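Heads up: the structure comes next, in structure tokens.
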Amino acid sequence: MGLFAAQLITGLANAAALFLVASGLSLIFGVTRIVNFAHGSLYMLGAYFGVTLMQMLPGGFGFWGSVLLSGLIVGLIGVVIEICVLRPVYRAPELFQLVATFGVILVIQDLTLMIWGADDQIGPRAPGLKSVVRILGEPIPQYDLALIAITPFILLALWWLITKTRIGILVRAATQDRTMVGALGVNQSWLFTGVFFLGSALAGLGGAIQLPKGGADLLMDLNIISAVFVVVVIGGMGSIPGAFVASVLISVLNVFGVAYLPQSTLVLMYVVMAVVLLIRPYGLLGREEKGGEHGQVGEPDRPIRPAGLVGRSLVAALMVALALIPVFGSNFTQVLLTDIIIFCLFAASLQFMLSTGGLVSFGHAAYFGGGAYAAALLVTHAGTPMELAFLFAPFAAGLLAIIFGWFCIRLSGVYFAMLTLAFSQLVWSAAFQWYDVTGGDDGLVNIWPSEWLSGTTTYYYFTLIVGVGGIILLRHLTHTPLGYALRAGRDSDRQAEATGINVKLVQWTGFAVAGALAGLAGGLFVFSKGSIFPNELEIAKSFDALIVVFLGGVKTLSGGVVGAAFMDGVRDWLTRLEYWRLILGLLIIAVVIIAPNGIVGSLRKGAERLGFYRGEFSE
Amino acid sequence: MTVVLKVENLSKHFGGLRAVNGVTFDVARGELKALIGPNGAGKSTCFNMLMGQLKPSAGRVSLNGEDITGKPPRDIWRRGVGRTFQITGTYQSMTVAENVQMALISHHRKIFAIRPFAHKLYRDEALALLEIVGMADQADRACAILAYGDLKRLELAIALANNPTLLLMDEPTAGMAPKERERLMQLTADIVRDRNISVLFTEHDMDVVFAHAHHIMVLNRGELIADGTAAEVRNNAQVQEVYLGGGTLYAKEDAHA
Ligand SMILES: Nc1ncnc2c1ncn2[C@@H]1O[C@H](COP(=O)(O)OP(=O)(O)OP(=O)(O)O)[C@@H](O)[C@H]1O
Ligand SMILES: [Mg+2]
């Protein structure tokens with residue numbers, strides 16, 4: 001009984017920071033409709049600033065003053081981010097905003113590393129709350145009790161702010177109908193900035209207030225962000241009471257999970273989320289959200305045509321050149337190209353659902369890693385021959401995509417993105433924690449191809465044929481009725497449904513196809529490396545694919561492939577630099593703001609302008 | 001006279017607002033029928049319930065004797081109902097011809113085909129439909145750069161793709177010049193006659209309505225206040241009050257959906 005109570009108290013105390021961060025994210029989303037992926041980074045900054053300030057300001061007053069000051073500073077940093085990065089992209093499609101905030105994550109990671117160094121910072125304990133009290137015989141840190149006491153006040157303060165003040169009325173008006181704010185005679189951009197300040201400050205407070213329990217380190221940004229998303233999705237995006245309920249639920253669940261189901265704490269969180277969304281697709285306290293109005297934001301995609309003679313000849317020439325690489329190139333070149341081709345296939349599969357289908361998935365790594373793990377598991381546990389295990393990879397990934405897709409397709413826009421992210425985290429946590437089967441952090445090793453494929457050159461050719469074959473297949477599908485139906489559903493859901501197209505079914509099919517081909521890439525990957533680790537399932541992996549599709553050009557057919565080739569080509573060179581994340585982050589932000597057409601799109605525009613190429617729009 | 005569409009006591013309430021309230025009417029085969037009414041009368045809401053974009057709060061819609069109330073739009077379309085929207089929603093990333101081809105592909109149940117190139121499928125049929133609405137010369141232009149009036153004509157071609165027995169046209173001539181309106185309505189009347197199909201349309205231009213509609217219904221604040229021939233409607237006291245009593249004759253503006 002005592003232990004039970006102690007666990008409950010720990011859970012409630014953990015909820016404090018989670019709630020602060022989640023409510024900030026929810027608030028920002030509610031008003032600006034931006035999902036701020038960099039919210040975890042603001043939380044991390046809050047912690048670092050807190051440590052520094054607490055070292056300078058002594059005593060209880062200094063401690064709590066530092067917490068508040070950290071919130072204030074982080075709030076101001078949020079304002080800078082909002083003005084510099086997000087303002088230019090409010091009118092752009094959701095994906096652009098998300099990619100921009102991802103760029104911010106990278107920048108903040110390296111800046112933090114620059115300023116505070118790589119060592120973890122130990123959080124100071126709160127003066128006056130350093131000891132423990134005994135409740136039912138169990139020791140409970142006083143600070144935990146303080147946190148539990150504080151949280152409801154924060155909830156109340158936010159509730160008061162939103163329901164009783166003029167600012168709150170504006171915020172609510174904006175949450176419900178953005179055009180209304182203008183009618184109320186308020187400068188919308190300053191309202192957005194204000195909300196960003198508040199939301200960021202809450203994240204900063206969260207980071208600082210958890211210092212006595214957790215300290216500060218460079219991984220805390222991504223560590224908290226998936227939990228925060230789960231909370232916000234369960235609670236309902238834009239709902240602050242929802243964020244509170246879900247924070248408590250998830251934190252308590254985690255504590256009990258650690259105690260009773262240590263192998264499945266992470267999985268548990270995502271399972272709860274899936275169940276909630278199954279019953280209430282918009283979260284416990286969220287309101288139904290109309291996905292984007294029919295039609296796309298920004299310049300529409302152009303009509304497409306299969307490659308003509310010139311295009312095909314160019315591709316054929318490139319294939320010949322790639323086929324000749326082993327004759328001239330070194331072993332290293334072949335290994336590098338193998339990696340690039342695999343990544344290109346992975347990116348192409350994402351682009352198929354993202355560009356053609358308008359389905360912005362944040363968890364595509366689940367199918368890449370899922371396929372890889374499926375093959376590796378067969379080899380490890382059943383001694384399956386490589387050929388069979390390899391074929392199983394796309395099959396298993398496709399199956400996974402069919403199952404997850406069934407849930408995800410019911411939602412649209414950001415909700416869809418969040419749910420795909422959560423499912424990929426589910427797969428990741430299973431791989432990470434189910435040690436007996438997946439080897440956990442140690443991964444699965446000794447997954448080599450059969451004898452006849454084992455040479456570097458042979459495997460290079462194998463990858464070339466399968467990888468390019470997969471890319472061509474995707475490209476062909478884009479031009480078939482299925483591909484067109486995907487585009488139709490993306491362009492105008494209403495029109496498609498009014499002419500007999502079952503849009504959800506088409507999207508589900510597209511999801512499954514993209515999953516299967518990502519799994520194919522995963523299959524190629526695992527046998528080329530001989531091993532697989534959970535990091536192939538991480539958020540960062542999903543984002544890699546998103547970023548290259550974006551870099552290449554969302555509104556093109558070849559953007560993913562070109563972006564992936566470009567990225568993998570420069571990565572090797574880039575990662576040798578000390579602060580490569582900073583450079584990459586700034587590059588991403590610059591592309592979002594300055595060259596939103598990406599590499600292929602910009603090249604096409606340039607060629608049109610110079611008159612090399614007559615586009616449909618040049619008349 | 002065979003009844004194609006039978007609407008009984010159809011209602012839609014948005015919270016406290018009775019957008020459509022107990023509307024009952026029939027549409028016969030070969031009939032060109034207008035549904036008119038001031039802005040916000042509930043015309044589009046009515047159309048949305050007929051084709052399943054909205055679920056009615058109460059009432060019943062039957063098509064050729066079959067109850068289709070609350071069925072999704074795609075099922076109603078398969079039963080032979082085509083529709084155009086007040087605000088067009090064509091596929092912006094496709095060419096004019098491809099927009100029609102998509103509807104034909106769906107009609108021939110080839111949506112999930114993964115071998116042929118979509119832009120080659122049913123192209124001749126699509127061009128024939130575009131010819132009817134006078135858009136064949138623009139077949140290969142990108143839909144995104146069309147003039148609004150052309151989009152409306154394209155929508156009509158799309159709506160004809162499944163050989164509908166009933167066409168619902170929500171403000172088909174919105175955004176067109178008077179001459180163009182007249183031509184489109186004449187075209188619609190010809191289609192009704194040649195194919196012996198039924199058309200229910202809403203329209204703000206009274207000249208067009210009275211010149212072409214066989215029967216006219218008047219909707220006001222969600223209630224049907226008249227249903228008859230042009231002469232009957234014109235002489236209806238309640239209609240006169242709605243249209244003339246307020247002093248303004250008619251808002252020709254194209255309001256939003
Ligand atoms: N989804 C909705 N939610 C709430 N109210 C709605 C909704 N759709 C329509 N309404 C309201 O229902 C009423 C009828 O609207 P409707 O669009 O059917 O009118 P209409 O006759 O088509 O007008 P118009 O001539 O302007 O096109 C209006 O008052 C409108 O504001
Ligand atoms: Mg209307």
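The values are calculated or read from the model by the stated rules, or taken from the named source; none is laboratory data. For clarity, every value in this text was computed on a predicted model and none was experimentally measured. Using ideal geometry, Cβ is built from the backbone for each residue, glycine included, and neighbour counts are taken over all protein chains shown. Quick note on the areas: whole protein, heavy atoms, side chains included, nothing else; ligands and nucleic acids left out. Shrake-Rupley method; radii C 1.70, N 1.55, O 1.52, S 1.80 Å.
Jot down the radius of gyration and Dmax of region B:91-163, Cα atoms only, both in angstrom.
Reported Rg and Dmax, both Å: 11.3, 35.
About the Cα centre, and with charges only on the beta carbon of Lys, Arg (+1) and Asp, Glu (-1), how big is the dipole of chain B? Nearest 20 debye, please.
So the magnitude is around 840 debye.
Would you work out which of B:Ile132, B:Pro116, B:Thr95 lies farthest towards the positive end of the dipole of region B:91-163? Charges go on Cβ: Lys and Arg +1, Asp and Glu -1.
In region B:91-163, that residue is B:Pro116.
Keeping the other protein chains in place, figure out the carbon and sulfur percent of the accessible area of chain A, with a 1.4 Å probe.
Reported share for carbon and sulfur atoms: 69 percent.
Considering every pair of different Cα atoms, what Kirkwood radius, in Å, is found for the protein assembly as shown?
29.9
Skipping prolines and chain starts, which residues have an amide H placed within reach, meaning under 5 Å, of the one on B:Ile36, given they are 5 or more residues away or on another chain?
So B:Ile36 has HN proximity to B:Met217, B:Val218, B:Leu219.
How far is helix B:178-195 tilted off the main Cα axis of chain B, in degrees rounded to 10, range 0 to 90?
Rounded to the nearest ten degrees, it is 80.
Give the long-range amide H neighbours of A:Thr384: residues separated by 5 or more places, or on another chain, with amide H under 5 Å away, using H modelled in the peptide plane at 1.01 Å from N.
A:Val379
If you wrap a convex hull around the C-alpha atoms of region A:468-601 and split its volume per residue, what is the figure in Å³?
Spelled out: Cα convex hull of region A:468-601, divided by residues, is 133 Å³.
Using a 1.4 angstrom probe on protein heavy atoms only, which residues from region B:99-117 are buried by at least 30 Å² of accessible area when all chains are present rather than their own chain alone?
Listed by number, the residues meeting the 30 Å² cut-off are B:Met102, B:Ile111, B:Phe112, B:Ile114, B:Phe117.
For region A:270-285, in order, what is each residue's ³J(HN,Hα) by Karplus, 6.51 cos²θ - 1.76 cosθ + 1.60 with θ = phi - 60°, in whole Hz (x at glycine and Pro)?
With coefficients 6.51, -1.76 and 1.60, one gets 6, 5, 4, 4, 4, 5, 4, 5, 5, 8, 10, x, 10, x, 4, 10 Hz.
Estimate for me the total accessible surface buried between chains B and A (protein heavy atoms, probe 1.4 Å, no ligands or nucleic acids), in Å² to the nearest 100.
Buried: approximately 3200 Å² between A and B.
With θ set to phi - 60°, apply the Karplus curve 6.51 cos²θ - 1.76 cosθ + 1.60 along region A:569-580 and write out the HN-Hα couplings as whole Hz, x wherever there is a Gly or Pro.
So the J values, rounded to whole Hz, are x, 8, 4, 4, 6, 5, 6, 6, 6, 5, 10, 5.
Which one of A:Gly207, B:Val81, A:Phe343 has its Cα pushed farthest toward the positive end of the charge dipole of the protein assembly as shown, where Lys and Arg give +1 and Asp and Glu give -1 at the Cβ?
Toward the positive end, the furthest listed residue is B:Val81.
When only alpha-carbon atoms count, how far does region A:44-194 stretch along each of its three principal axes, as whole angstroms with the largest first?
57, 41, 27
To the nearest whole number, what is the average tally of beta carbon atoms from other chains within 10 Å of the beta carbons of peptide B:70-76?
The per-residue average across the peptide is 4.
In terms of the ratio Rg/(2.2 N^0.38 Å) built on C-alpha atoms, what value belongs to region A:9-262?
My calculation over the Cα atoms of region A:9-262 gives 1.00.
With every protein chain kept in place and ligands, DNA and RNA left out, what is the accessible area per residue of the protein assembly as shown? Probe 1.4 Å, answer in Å².
Normalised by residue count, the accessible surface of the protein assembly as shown is 40 Å².
What Rg and what Dmax come out for chain B when only alpha-carbon atoms are used, in angstroms?
18.2, 62
Within chain A, which is the longest segment containing none of the trypsin sites (Lys or Arg not before Pro) that sit in a DSSP loop and have at most 10 other Cβ atoms within 10 Å?
In short, A:291-575.
For Cα pairs less than 8 Å apart in space and 6+ apart in sequence, what is the mean separation divided by the residue count of chain B, i.e. the relative contact order in percent?
With pairs under 8 Å counted, the relative contact order is 26 percent.
Could you calculate, for region A:88-145, the ratio of the Cα radius of gyration to the Kirkwood radius, expressed as Rg to Rh?
Value, to two decimals: 1.32.
Can you tell me the 0 to 90 degree angle between the C-alpha axis of helix A:240-260 and the longest principal axis of chain A, rounded to 10?
80
Specify the angular offset, from 0 to 90 degrees and rounded to the nearest 10, of the alpha carbon long axis of helix A:220-235 from the longest principal axis of the alpha carbons in chain A.
Helix A:220-235 sits at roughly 80 degrees to that axis.
How many Å³ per residue does the convex hull of the Cα positions in region A:50-120 occupy?
Spelled out: Cα convex hull of region A:50-120, divided by residues, is 99 Å³.
Carbon-plus-sulfur fraction of the accessible area of chain B, 1.4 Å probe, in percent?
That share works out to 50 percent.
Could you calculate the contour length gain from A:Ala590 to A:Arg287, that is, 0.36 nm times the residue separation minus the distance between their Cα atoms, to one decimal place in nm?
Between A:Ala590 and A:Arg287, full extension yields an extra 105.6 nm.
If amide hydrogens are placed 1.01 Å from N in the peptide plane, which non-local residues have theirs closer than 5 Å to the one on B:Ala113?
Residues meeting the amide H criterion: A:Leu482.
Convert each backbone phi in region B:34-43 into a coupling constant with the Karplus relation 6.51 cos²θ - 1.76 cosθ + 1.60 (shift: θ = phi - 60°), then list the ³J(HN,Hα) values in order as whole Hz, x for Gly and Pro.
Couplings: 9, 10, 10, x, x, 4, x, 5, x, 5 Hz.
How big is region A:309-610 along each principal axis, measuring the range of its Cα positions in Å and listing the largest first?
Per principal axis, max minus min of the Cα coordinates gives 52, 44, 41 Å.
Once you treat every alpha carbon in region A:319-405 as an equal point and sum by Debye, what is log10 I(q)/I(0) at q = 0.12, 0.23, 0.24, 0.25 Å⁻¹?
Scattering profile of region A:319-405, log10 relative to I(0): -0.50, -1.07, -1.10, -1.13.
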